[in-house]
Amino acid sequence: MKALSHRKQQKGAVLILVTVALFTLLGFTALALDGGYLILNKNRLQDAVDSAALSGGKTLSDEKATHADAIQAVRDTMKAIMEGDGFKKMNVDTTKLAETVQIEFSHDPVPFSPSVDEDARYIRVRMETVPVTQFFSQLMVDVWQVRASAVAGTLAPEKGTQICDVVPLLMLVSQEDVGTPGYGYNMANAEQDGDFIVIKSPAAGKPNMAPGNFQALRLDDARGADRYRDGLAGGHCIDIDEDYEVDECPENDNNCALTVVDSSESGNMAGPTRQGLNTRFNEYNPGKYKKPSYAPDDPSAGEDDFYSDCVLSSADLLDFKQGKLVDYLTTAFEDGSATKSEIIDILNQKKASGELGKKEIKDIDDFISASSGMQMYADYQNPQSASYKEYEVKGNDNGCLKDRRIVKVPVAVGGSDVGKNIPVIGVACMFLNQQVTGNGLSQYVVGEFIPECGADGDGASDESGFTQPRLVLYNDSGSGDS
């Protein structure tokens, strides 16, 4: 038999090579298209699970919320996301989320150990097998799936977390109000008023550590009237979760207002309270503080230059010891503080009792009328408000600092079993409605709680003040994809 020539032996080889190349190109095309779509769906699923976990974590930040509440919040969030633009093409049946979305709880975020205990306040949301639509790769791979997992909860302040510009007035709250907005008070914002809280000292010799009370705090080595006064004027730096010492009023000291003194440092503390806080209102006691001699940005300005706020009110000061008002309000101030609504209710009840003369009734009417004219936080934020007044018209020559009327107040849990050393659990932000008035047990501080503190109130760079535990996502120790 005659052998074929070399050229004839090569016929058809190109067709084979082209076919192999086409299949290879098709494979890379499938990998590029389907692989890209796989990654897109994976990212979408992770975003949805993250949002759902944060929703559940936010629900759990309310101490009164249950696991069932958090589960419902997760499912509602997942349903809303999966039915929104960009997510509808994912293969997730929103009518079966109870079956496909796994929700667990743990006492700690890392490592995450599932628990059915209602006190477990960290939440994990998982979706394990979400199929992805394939275009070409089904020829080579049966089904592609993606999974996602997320753990969320509040970020507990770490030991050593420092917050500055904190005034040494401790706010005591109940355990059930921990983690709630405003710790049980209605907070103010730029659109609406909150509860303005009138703070007064408990009776001498009867330190009240109950929720709703304000007590003095010795911050680090800040002892004595001078350090207390400076703390109110400029603030201290504190570490969250540190133990700080609470002062107690001596039984024979009726001038022990808002703070008390160490047994070795007896003296009238009402003056330092007024002198320190009122620097924020351009009110200076020449014997203790002088108006700053330099502008805030001048290199010559020192740490003891306590500048006024840039916005002050033209409204008259509200006098809580007018006439017999201080006697009528004794009950309201049994715990050391009261809200405006509580005060007005008591005065109206007293007025309606038929026991008062015309003079006492007029005093009550004048007080209620004056209280409606007090500058509130919403007015403070609105330059068009009738009670908004620029600081410069007061005759200041050396400048001012924005938000000096906003202070950071340390917060602790109060109760009958609270000792003298108490851990600070957080910081609340308070807007001072007016300067401090009165002396001794007739001295009052008035403020509204607001959602957050600015960083400009102390002239420093600190921006770490916060009112509530922050909600964050944690790495899921049981998943490399979270």
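For Asp319, the criteria (1) within 21 Å of Glu283 (Cα to Cα); (2) at pLDDT 80 or above hold in every case but one, which is (2). Total residues in segment 69-126 satisfying the condition of being farther than 21 Å from Asn43 by Cα and in a strand (DSSP E or B): the figure is 5. With the requirement that a residue be crowded, with 19+ Cβ neighbours inside 10 Å and more than 22 Å from the chain's Cα centre (by Cα), what does segment 48-70 give you? Residues satisfying the conditions are Ala48, Val49, His67. Going through segment 297-314 one residue at a time, which ones are over 25 Å from Ser387 (Cβ atoms) and surrounded by 13 or more Cβ atoms within 10 Å (Cβ to Cβ)? Within segment 297-314, Asp298, Ala301, Asp305 qualify. Considering (1) among the small types (Gly, Ala, Ser); (2) buried (at least 23 other Cβ atoms within 10 Å of the Cβ); (3) at pLDDT 80 or above, the lone condition that Ser293 does not fulfil carries the number (2). For segment 350-409, filtering for residues that are hydroxyl-bearing (Ser, Thr, Tyr), farther than 24 Å from Thr331 by Cα and more than 23 Å from the chain's Cα centre (by Cα) leaves 4.
If you go through segment 322-355 and keep only what is modelled with pLDDT of 80 or more and assigned to a loop (DSSP other than H, G, I, E, B), you end up with Ser353, Gly354, Glu355.
Taken as a whole, the condition of being in contact with a strand residue (DSSP E or B) (Cβ under 9 Å, 6 or more places away or on another chain) and at pLDDT 90 or above does not apply to Glu99. Here Lys206 clears all of (1) on the phi > 0 side of the Ramachandran plot; (2) modelled with pLDDT under 75 except the condition numbered (1). Answer yes or no: is there a residue in segment 179-194 that is at pLDDT below 80, of a type outside the set (Phe, Trp, Tyr), surrounded by 19 or more Cβ atoms within 10 Å (Cβ to Cβ) and over 27 Å from Arg121 (Cβ atoms). The answer is no; no qualifying residue exists. Can you say whether Val261 is under 29 Å from the mean Cα position of the chain (by Cα), modelled with pLDDT under 70 and either in the same structural domain as Arg405 (by TED's automatic domain parsing) or not charged (D, E, K, R) (or both), as far as the supplied structure shows? Here the answer is no, as Val261 does not meet what is asked. Scan segment 459-473 and give yes if some residue there is assigned by TED's automatic domain parsing to the domain that holds Ala301, in contact with a helix residue (DSSP H, G or I) (Cβ under 6 Å, 6 or more places away or on another chain) and modelled with pLDDT under 85, otherwise no. Checked segment 459-473: no residue is assigned by TED's automatic domain parsing to the domain that holds Ala301, in contact with a helix residue (DSSP H, G or I) (Cβ under 6 Å, 6 or more places away or on another chain) and modelled with pLDDT under 85.
Say whether the condition of being modelled with pLDDT under 55, assigned by TED's automatic domain parsing to the domain that holds Ala332, at positive phi and not β-branched (Val, Ile, Thr) is met by at least one residue in segment 264-286. There is at least one residue in segment 264-286 that is modelled with pLDDT under 55, assigned by TED's automatic domain parsing to the domain that holds Ala332, at positive phi and not β-branched (Val, Ile, Thr).
The values are calculated or read from the model by the stated rules, or taken from the named source; none is laboratory data. Predicted model only: the values in this text are computed from it and were never measured. Cβ coordinates were reconstructed from backbone atoms using ideal geometry, including for glycine residues, and neighbour counts include every protein chain displayed.
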